[in-house]
Amino acid sequence: MAPSVLPGGSLLVAWQLKGKHVLIVGGGDVASGRVESVLAADAHVTIICPSTGLHSLTKQLIDGPYRITYHDRVFGGAEDLAGVDMVLTAIDDVDQSRVICTLCRDLKIPVNIADIPESCDFYFGSQIRDGPLQIMISTNGQSPKLANIIKKRIKKSLPGHTGDAIEKVGMLRAMLKKRAPGVGGEVSKRRMKWMVDVCNSWQIEELAQLDEQTMIKLLDDGWEHGTVPSFRGLGGQRHLPISIPTASAVMPTVLMFIAGVTCASIWLLSRSR
């Protein structure tokens, strides 16, 4: 049977902006959120907006210790796009927004025009962030408010300390790669399978309590013998309550979902190295 492909979606990706140059035209409420998002991705930000149009949060970000270049003026044309890797606009002037969009398309610069979906190369979704964990809820530009409502429901369903668990799994994976180095081949496959078994066997809250000493013991007693000892088998004591989703939760098997996200991340990272 041929695979079923549902058309009409967007490609959801984790866009790496570290060190890239992002131009934001506008400085109001919406723009302030855009600034926060790209700063969190370690981008270098340029803001073009008259000072009279700056939101209080945008002013704080400009005055803060961030990589922001600020120009107190309106957008000046194609010369403002030199060396820019991405453009975000959040201004009330629809005609000017469309001009900026056309210039970006001519220069092959990805652009997002606030409140004009047809002029966007990509959309901003509603995001859940917990350390390395990022979950994006997108309505493909159709209903940002519903995306926010869904985000809140999913966030309530997530176990506590999920971000800590992912960080600890990343540390364990790095220690395992030092103990059993190599890219590809049987060793790489065995590493991936063992890490998947760990993620499936341990609770999220248990993974969050891993420390260096416990990781070493887990590798000694588990990896070296091709097994996965239990949390209690390694002498672990639960200090964090185990979260049990209610029947009304959005995701009935949240723990399996997060474990799957974590293990998928491990697999993707192993493929990319």
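Listed values, structure above:
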read-out: Lysine pairs with alpha-carbon atoms under 16 Å apart, the range 132-197, spacing 8 or more or separate chains; value: 6
read-out: Share of carbon and sulfur in the accessible heavy-atom surface of the chain [1.4 Å probe, %]; value: 55 percent
read-out: Cα centre as origin, Lys/Arg/Asp/Glu Cβ charges: the range 58-134 dipole, Debye; value: 240 debye
read-out: Gap separating the Cα centres of the range 118-133 and the range 154-184, nearest whole Å; value: 23 Å
read-out: FRET efficiency for Ser201 and Asp115, using Cβ-Cβ distance with R0 set to 30 Å, rounded to 0.05; value: 0.05
read-out: Structure-derived volume of the Cα convex hull per residue in Å³: which label, when the choices are (1) 192; (2) 227; (3) 131; value: (1)
read-out: Theoretical gain in end-to-end length, Val74 to Ala14 [0.36 nm per residue, Cα-Cα removed]; value: 18.5 nm
read-out: Förster radius 22 Å - calculated FRET efficiency between Glu36 and Ser56, Cβ distance, rounded to 0.05; value: 0.95
read-out: Inter-label distance, nm, simple model (7 Å from Cα along the C-beta direction), Val94/Glu224; value: 7.0 nm
read-out: Of the DSSP H helices in the chain, those whose Cα atoms cover at least 15 Å axially and whose Kyte score averages -1.0 or more; value: 29-40, 94-106, 144-157, 162-179, 185-201, 254-272
read-out: Cβ charges +1 (Lys, Arg) and -1 (Asp, Glu), total dipole of the chain, debye; value: 960 debye
read-out: Accessible surface, the range 1-83, averaged per residue in Å² (probe 1.4 Å); value: 61 Å²
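The values are calculated or read from the model by the stated rules, or taken from the named source; none is laboratory data. It should be emphasised that the depicted structure is a prediction, and the values quoted were computed from it without experimental measurement. For neighbour counting, all protein chains shown are included, and Cβ atoms are generated from backbone atoms with ideal geometry for every residue, glycine included. Note: accessible area is taken over every heavy atom of the protein model, side chains too, but ligands, DNA and RNA are not part of it. Shrake-Rupley method; radii C 1.70, N 1.55, O 1.52, S 1.80 Å.
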